[in-house]
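Below: the structure, in structure tokens.
The values are calculated or read from the model by the stated rules, or taken from the named source; none is laboratory data. Because the structure is predicted, anything quoted here is derived from the model rather than measured. Note that we place each Cβ from the backbone using ideal geometry, even for glycine, and neighbour counts take in every protein chain shown. For the accessible areas, the whole protein counts, side chains as well, though only heavy atoms, and no ligand, DNA or RNA atoms are used. Shrake-Rupley method; radii C 1.70, N 1.55, O 1.52, S 1.80 Å.
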Amino acid sequence: MSSTLLHEDYPVEAEDYTRAGEASADIKRKLKQLGVSAGVLRRVSVASYEVELNLVIHSRGGVLSLEVTPERVLLVSADRGPGIPDLELAMREGWSTANETARSLGFGAGMGLPNMKRNADEFDIESQLGTGTTIRMGFLLS
Amino acid sequence: MDTKTRYHSVRLDKELCKGCTNCLMHCPTEAIRVRKGRAHILDERCIDCGECIRICNYHAKIAATDSLDILHQFRYCVALPAPSLYGQFRNISDVGYVLAALRKLGFDDVFEVARGADVVSRAIAEKLKDPSLPRPLISSACPAVVRLIQVSFPDLLPNVVDIRQPMEVAAEIARSEFCRARGCAPEDVGILFITPCPAKMTAIRSPLGQKRSAVDGAISMMEIYSHLRPILSHLDREEPLPSTSTGYGIGWATSSGETKSIFQENALCVDGIQNCFRVLEEIENNKLSDLTFFEGNACIGGCVGGPLTFENNYVAKNTIRKLVSNTLKKHPDTPRESVPASMMNKYHLRMDTPIDANSAMKLDDDITVAMQKLRRVNEITAELPGYDCGSCGSPTCRAFAEDIVLGYANEMECIHRLKDKLQTMAEQMVELAQTKR
């Protein structure tokens, strides 16, 4: 694996709706500056926004990181809990545990995780109840 | 940013520019820099939206258009009034008066862009029936919005509907009908658009989605207004010409006019280039994937808010509303009912050239080099004060860092950094003086 040429960490706080979307907007801006192709850009845009909103809506806060090598874009979301009790259920389309605040803002359609998986070339999720969830998504550049 | 020259209607009058930061701070694509006391427009990034024309207090930003003298260049001239022209005259109840006044000004014929809009409306409504197309489909009518997408949202280009602008469709029909009626050759006729904005002028000289524009020139609405106003002040002396467009086509002059013409309930109509930017960002995030159609207009209120219009955009919007309602009372036809099916195959309605991404935001062609530059941009940005004051001549501290990395600026052009450096130097001198004593 080639060395990471760009690494950026974005702390994302729970229920911070005023800043929600800022991390993914910055990620998009950076990828456009790197000249990442429109197709990959579109998929990263969708996935990074979904994963950032997941941190805001469902987690106790965490960090979204961006890593870019000449071969791939890697997004890693690592949160501080609460963890997902049933991963299989969480990956189903339409399943959501979003609260009223999130739903009133138009979120919580239960498409977040399936959407991320659909848009990424590589997708991996690990969750430990009480500890937290880590999602890794890879997007191939060539 | 390469320096390949592209045609732009928006230009700078160097004599009038004071080198202030107004235009710098309002450009949606960060296409302006102030260097050596004058604004400079970065060709690659400028989308000709005209925000800088609107904001400049010194009238140093101008739109290049053709003067009325262009009428002498052709054997025959056909005027192509944008529907927003009708909104400039509060006292008219029938668009036919404007058409008559244009004839009186010396045009051999007049063909309404609103009629082109009728044809385009029918074509888009048919496009929307295709479920395989991406959602939301994005209107291609406002060239400034399409260019914004090219520069800032290249991944949304597949969503842009591949139907030509009403101006282009109108031009093709106008030429064909005029030549048939007069029995003249196509090259004998000058098709001249009456434009509310520089973006349309640019779209004629460097077309979007087609190799060559069917329009021969564009006359500023502001310029023609001064000639039409005296004629239209005495309506009792004028006989209106028959208008061929529907009320829906006329409605294209204002924001949401296009959406109403295609009878699409599930659409979002956004006006103002900064507002379009925000909503396109949400479309890019897939936040609006349940939306069928997006109509974006760079100017507030739609084309009636164009930088080359005379009348206040809210007044013009109201005038258009009344004209639409009057027209619909007389002929309630929708574009679908009014445009014959035979017309849909007769003219070129589809774009024939892909709209490519504009890579003006890219730091380098080689991704490895681009990454090194981006890292350097981040390092420099962290050192800058973050005031985004524009004193250095770049719109934000971040843009300034990018300019440094690309070799267009140097760090000491930041007055705050310079001040810190001077202070350090002064302290060092004091120290030096003290040790010598």
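Of the conditions (1) farther than 28 Å from B:Leu156 by Cα; (2) open to solvent by 40 Å² or more (accessible area, probe 1.4 Å), A:Gly132 satisfies every one except a single condition; which number is it? Going through the list (1) farther than 28 Å from B:Leu156 by Cα; (2) open to solvent by 40 Å² or more (accessible area, probe 1.4 Å), A:Gly132 breaks only (2). Restricting attention to region A:35-44 and to residues that are at the interface with chain B (Cβ under 7 Å from one of its Cβ atoms) and not small (Gly, Ala, Ser), the residue that is nearest to A:Pro114 (Cα to Cα) turns out to be A:Arg42. Of all positions in region A:58-67, none carries a residue that is open to solvent by less than 50 Å² (accessible area, probe 1.4 Å), within 24 Å of A:Ser96 (Cβ to Cβ) and at the interface with chain B (Cβ under 9 Å from one of its Cβ atoms). Restricting attention to region A:16-34, report how many residues are facing another protein chain (nearest Cβ under 7 Å) and surrounded by fewer than 18 Cβ atoms within 10 Å (Cβ to Cβ). Total satisfying the criteria: 1. Listed here are the strands (runs of 3 or more DSSP E) enclosed by region A:61-142 that have at least 1 residues being touching a Gly at 6+ places or on another chain (Cβ under 6 Å): A:72-79, A:122-128, A:132-140.
Please work out if A:Ala47 is more than 18 Å from B:Arg375 (Cβ to Cβ) and open to solvent by less than 10 Å² (accessible area, probe 1.4 Å). For A:Ala47, the condition - more than 18 Å from B:Arg375 (Cβ to Cβ) and open to solvent by less than 10 Å² (accessible area, probe 1.4 Å) - is met. Of all residues in region B:56-82, those satisfying the criterion of being open to solvent by 10 Å² or more (accessible area, probe 1.4 Å), in a strand (DSSP E or B) and closer than 16 Å to B:Leu102 by Cβ are B:Asp66, B:Tyr76.
Within region A:37-78, the set of residues being in contact with a helix residue (DSSP H, G or I) (Cβ under 6 Å, 6 or more places away or on another chain) and over 30 Å from B:Asp364 (Cα atoms) comprises A:Asn54, A:Ile57, A:Gly62. Restricting the first member to region B:221-246 and to residues that are assigned by TED's automatic domain parsing to the domain that holds B:Met201 and in contact (Cβ under 8 Å) with a residue 40 or more places away in the chain, and the second to residues that are among the charged types (D, E, K, R) and in a helix (DSSP H, G or I), the beta-carbon pairs closer than 6 Å and six or more apart or on different chains are B:Ile231/B:Lys104; B:Thr244/B:Arg115; B:Ser245/B:Arg115; B:Ser245/B:Asp118; B:Thr246/B:Asp118. Only one of the listed residues (B:Met361, B:Met429, B:Met425) is within 30 Å of B:Ile149 (Cβ to Cβ) and either away from chain A (no Cβ under 14 Å) or in contact (Cβ under 8 Å) with a residue 12 or more places away in the chain (or both). That residue is B:Met361.
Residues in region B:296-324 that are open to solvent by 50 Å² or more (accessible area, probe 1.4 Å) and part of a helix (DSSP H, G or I): B:Tyr314, B:Lys317, B:Asn318, B:Arg321, B:Lys322. Return yes when B:Asp43 is part of a loop (DSSP other than H, G, I, E, B), out of contact with any helix residue (DSSP H, G or I) (no Cβ under 7 Å at 6 or more places or on another chain) and open to solvent by 40 Å² or more (accessible area, probe 1.4 Å) and no when it is not. When the stated conditions are applied, B:Asp43 passes them. Tell me, yes or no, whether region B:334-356 has at least one residue that is within 14 Å of another protein chain (Cβ to nearest Cβ), touching a residue at least 24 places away in the same chain (Cβ under 8 Å), open to solvent by 50 Å² or more (accessible area, probe 1.4 Å) and not hydroxyl-bearing (Ser, Thr, Tyr). Among the residues of region B:334-356, at least one is within 14 Å of another protein chain (Cβ to nearest Cβ), touching a residue at least 24 places away in the same chain (Cβ under 8 Å), open to solvent by 50 Å² or more (accessible area, probe 1.4 Å) and not hydroxyl-bearing (Ser, Thr, Tyr), which makes the answer yes.
The criterion of being surrounded by fewer than 24 Cβ atoms within 10 Å (Cβ to Cβ) and either under 24 Å from the mean Cα position of the chain (by Cα) or modelled with pLDDT under 95 (or both) does not hold for B:Glu187. Restricting B:Thr368, B:Thr381 to those that are within 14 Å of chain A (Cβ to nearest Cβ) and modelled with pLDDT of 95 or more reduces the list to B:Thr381. Within region A:30-57, residues that are on the phi > 0 side of the Ramachandran plot sit with their Cβ atoms under 9 Å from residues that are among the small types (Gly, Ala, Ser) and part of a helix (DSSP H, G or I), at 6+ positions apart or across chains, in these pairs: A:Gly35/B:Ala370. Could you please let me know if B:Leu384 is in contact (Cβ under 8 Å) with a residue 24 or more places away in the chain and out of contact with any Cys (no Cβ under 9 Å at 6 or more places or on another chain)? So B:Leu384 fails the test.
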